[in-house]
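Working notes, structure below.
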Amino acid sequence: MRTRNQRGVAMPSPVVMLSVIAVAMAGIAFVATRGAEPTEREVTTVSDTPTGTPTGTPTGTPSPTFTPSKDPKPQPPKVQRGKVYVEVYNNSGITGLAGQVGERATGIGWQVVGSDNWYGTIPATTVYYPAKLKAAAKQLALDLGIKRTAPAVDPMRLDRLTVILTGPLS
């Protein structure tokens, strides 16, 4: 009687092969995106008086100079807080934070239409805005002491400002 040879090559299952491909693709994506600029922007306040301007009276006699008259730049329309919808979301572990900040914004004059919890990863407290409400977002950020604004992303609504809190406001 003849014995059979049990040697052979075992092929990996399709799940293992797909896992290896997924890990390789994740590595390629990481390398390709690690030097990209962030899309978030930081809001900073600007002083009304420029630094370095003299505060005393000028010395000597002023000499006459010719200055061409320029048309003043048109000022952007003032933000009407009561006409802008605002939603406030809590992305922290602090119970009731969105409601508290919503009440604070309402007290300043903003039209807060809702508050709830946000599920996802947000790096810092941010005011998200659609393109047409960029000026309003900057004003809301200044009113609440929030340092970051960013364009709205899906699933945010594009007819209002979205505030996502990652901690208490100062």
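Could you list, ordered by first residue, the pairs with Cβ atoms under 7 Å in which the first is in segment 105-131 and outside any strand (DSSP E or B) and the second is surrounded by 17 or more Cβ atoms within 10 Å (Cβ to Cβ) and modelled with pLDDT under 90, at least 6 apart or interchain?
Here the result reads 108/81; 109/81; 110/81, each pair linking segment 105-131 to a residue that is surrounded by 17 or more Cβ atoms within 10 Å (Cβ to Cβ) and modelled with pLDDT under 90.
Hey, among the residues in segment 89-104 that are in a helix (DSSP H, G or I) and without any contact (Cβ under 8 Å) to a residue 60 or more places away in the chain, which one's farthest from residue 145 (Cα to Cα)?
First, the residues of segment 89-104 that are in a helix (DSSP H, G or I): 97-104.
Restricting the remaining residues to those that are without any contact (Cβ under 8 Å) to a residue 60 or more places away in the chain gives 99-100, 102-103.
Values: 99: 16, 100: 14, 102: 14, 103: 15 Å.
Taking the candidates together, the pick is 99.
Going by the conditions given, is residue 82 outside any loop (DSSP other than H, G, I, E, B) and at pLDDT below 90?
Values: outside any loop (DSSP other than H, G, I, E, B): yes; at pLDDT below 90: yes.
Criteria met by residue 82.
Could you tell me how many of the residues in segment 132-170 are farther than 19 Å from residue 120 by Cα and not in a loop (DSSP other than H, G, I, E, B)?
Selection size over segment 132-170: 13.
The values are calculated or read from the model by the stated rules, or taken from the named source; none is laboratory data. If you're wondering where the values come from, they're calculated on a predicted model, not measured in any experiment. Every residue, glycine as well, gets a Cβ built from its backbone with ideal geometry; the counts of neighbours run over all protein chains shown.
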